[in-house]
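Below: the structure, in structure tokens.
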Amino acid sequence: FMFSAFLNYNYRDGLFGSEFVGLKNFEFFFKSNAAPRVIGNTVYLNIMFIIFTLIVSVTIAILLSELQKERLKKFMQSTYLFPYFLSWVVINYVIFTLTSSKYGIINQFLTLCGMKPINFYTKGAYWPTILIIAKVWKDMGMNIVIYLAVITGFDPQIYEAAMIDGAGRFRACISITLRLLLPTVCMLTIMSVGKIFYGDFGMIYALVGDNGMLQKTTDVIDTYVFRTLRQTGNPSQSMAVSLFQSVLGFVTVCGANWTARRFFSEGALL
């Protein structure tokens, strides 16, 4: 079906009967005024997602691994994992409860403090931060589970030897836990880099929808393609953008893996 990116696809004529148009479907996207904006938003948001999810997940996983009470550790682990199983529609209601112009918790707090309420749904500048917080909150639980599983497999004798040498718990976490965790961190990061040109359509559309006031900072490639498909009804243009995303994703994964293999071979995929 990727071949349809080079066709003026017609449902009646099918894949082999539709007109071949070469790169015209790609020109439709790259010559549009929205292309630099949606590509920039997609890359920026995904980079922020990767960085902050990585930092928060690794930090919490290491802290949980230091807990001595198993029941508390399991409770905290389940608490962090719970948002992962929520749909973005449910999370949208949580965010709306916080950011609603009239009854939102944030605006009620600002009013109590004598400050002017913020209409979040007309100000796009706030939404990259909101999306980053929501993404990290939802996805960090699964990453924490992965990192905890890896930490559990570390040899306890390494920590005992470090304690004998006079290392404290903080020093052991930095010099042993974090260092041994780096290969897993590197591999998960490489896989995340492969999706750096893919916007999380479910998240963006559930939280932002078709709000034109927020598109300047939240419109990503996937939402742009979906909106264009609804307006033009041409699936070939959507396939062209999807092919573009796939090629760039392949290139970025290979590039990230080559970099890891060159500078940190233990964290490379191949």
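The values are calculated or read from the model by the stated rules, or taken from the named source; none is laboratory data. Treat the numbers as computed from the prediction; the structure is a model and nothing was measured. Counting neighbours? That spans all protein chains shown, and the Cβs are built from the backbone with ideal geometry, glycine included. In case anyone asks, the SASA skips ligands and DNA or RNA and just uses the protein heavy atoms, side chains included. Shrake-Rupley method; radii C 1.70, N 1.55, O 1.52, S 1.80 Å.
Points worth noting:
- Of all residues in region 79-108, those that are open to solvent by 40 Å² or more (accessible area, probe 1.4 Å) and more than 21 Å from the chain's Cα centre (by Cα) total 8.
- Within region 1-22, residues that are modelled with pLDDT of 75 or more and assigned to a strand (DSSP E or B) sit with their Cβ atoms under 7 Å from residues that are of a type outside the set (A, V, I, L, M) and open to solvent by 100 Å² or more (accessible area, probe 1.4 Å), at 6+ positions apart or across chains, in these pairs: Leu7/Glu19; Leu7/Phe20; Asn8/Glu19.
- Lys135 under 24 Å from Tyr93 (Cβ atoms), charged (D, E, K, R) and open to solvent by 40 Å² or more (accessible area, probe 1.4 Å): no
- Checking Asn41, Asn33 one by one, the residue that is of a type in the set (S, T, N, Q), touching a residue at least 40 places away in the same chain (Cβ under 8 Å) and out of contact with any Phe, Trp or Tyr (no Cβ under 8 Å at 6 or more places or on another chain) is Asn41 and no other.
- If the condition is being hydrophobic (A, V, I, L, M, F, W, C), crowded, with 20+ Cβ neighbours inside 10 Å and either under 18 Å from the mean Cα position of the chain (by Cα) or at pLDDT below 85 (or both), then region 202-234 contributes Met203, Ile204, Leu207, Val208, Val220, Ile221, Val225.
- Counting the residues of region 235-258 that are more than 16 Å from Phe30 (Cα to Cα), more than 21 Å from the chain's Cα centre (by Cα) and buried (at least 16 other Cβ atoms within 10 Å of the Cβ) gives 1.
- Filtered residues of region 49-69 (kept if within 13 Å of the chain's Cα centre (by Cα), farther than 15 Å from Leu81 by Cα and open to solvent by less than 40 Å² (accessible area, probe 1.4 Å)): Phe49, Ile50
- Test: Leu72 is touching a helix residue (DSSP H, G or I) at 6+ places or on another chain (Cβ under 8 Å) and surrounded by 11 or more Cβ atoms within 10 Å (Cβ to Cβ): no
- Applying the set (1) closer than 30 Å to Phe26 by Cα; (2) among the β-branched types (Val, Ile, Thr); (3) modelled with pLDDT under 85; (4) open to solvent by 20 Å² or more (accessible area, probe 1.4 Å) to Ile164 leaves exactly one unmet item: (1).
- Leading residue by the ranking (surrounded by the most Cβ atoms within 10 Å (Cβ to Cβ)) among those in region 152-161 that are out of contact with any helix residue (DSSP H, G or I) (no Cβ under 8 Å at 6 or more places or on another chain) and part of a helix (DSSP H, G or I): Ala161
- Of all residues making up region 45-99, the number that are touching a Cys at 6+ places or on another chain (Cβ under 9 Å) and free of Cβ contacts under 8 Å to residues at least 12 places away in the same chain: 1
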